[in-house]
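The values are calculated or read from the model by the stated rules, or taken from the named source; none is laboratory data. From a predicted model like this one, the values you see are computed outputs, not experimental measurements. FYI the Cβ positions are ideal-geometry reconstructions off the backbone, even for glycines, and counts take in every protein chain you see. Each accessible area value is taken on the protein alone, full model and side chains, heavy atoms only, with ligands, DNA and RNA left out. Shrake-Rupley method; radii C 1.70, N 1.55, O 1.52, S 1.80 Å.
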Amino acid sequence: RVSEKWRVQGSLSLSLGAMLLITAMTYVDTDDWQYGFYTLTMVLIGLLNASIAILQASSLGIAGMFPTSCVKGMVSGQALAGVFLLATEHFSWRKVVSITCVGAADNTLQHVCQENYNTVDYR
């Protein structure tokens, strides 16, 4: 059994390493090896997700050693973070669709973008 300290530190280190590699790969010319680039990116994202899951489980295990109010606070914080993420995604979707459609050079693509932009309900 691995101690909580090593699980937290290991998962944070793995997360940082995966994010740095993913960020560094944005500067790499991938025209010659797009399939390999895609595969490598998916593997790195899988490692990142696994390390975040280990971090969350370890954090919840540590919080479980304290009174129940600590666990409630942690779960409420995660729920609030989810709501914040959903709100951010909701408000940024309109901007992404707008930027994508304005940048479209082909008339057919502009027409499709305009149709999709008009049919999405942003209430």
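For the range 1-33, a tally of residues being closer than 19 Å to GLY61 by Cα, open to solvent by 70 Å² or more (accessible area, probe 1.4 Å) and in contact with a helix residue (DSSP H, G or I) (Cβ under 6 Å, 6 or more places away or on another chain) returns 1.
When the range 34-54 is filtered for residues that are farther than 23 Å from LEU16 by Cβ and either among the β-branched types (Val, Ile, Thr) or open to solvent by 100 Å² or more (accessible area, probe 1.4 Å) (or both), the ones remaining, listed by number, are GLN34, TYR35. Can you confirm whether VAL28 is under 15 Å from the mean Cα position of the chain (by Cα), modelled with pLDDT of 85 or more and of a type in the set (A, V, I, L, M)? No; evaluated as a whole, the condition is false for this residue. Candidates are the residues of the range 58-81 that are over 23 Å from the mean Cα position of the chain (by Cα) and among the polar types (S, T, N, Q); the one that is modelled with the lowest pLDDT is SER69.
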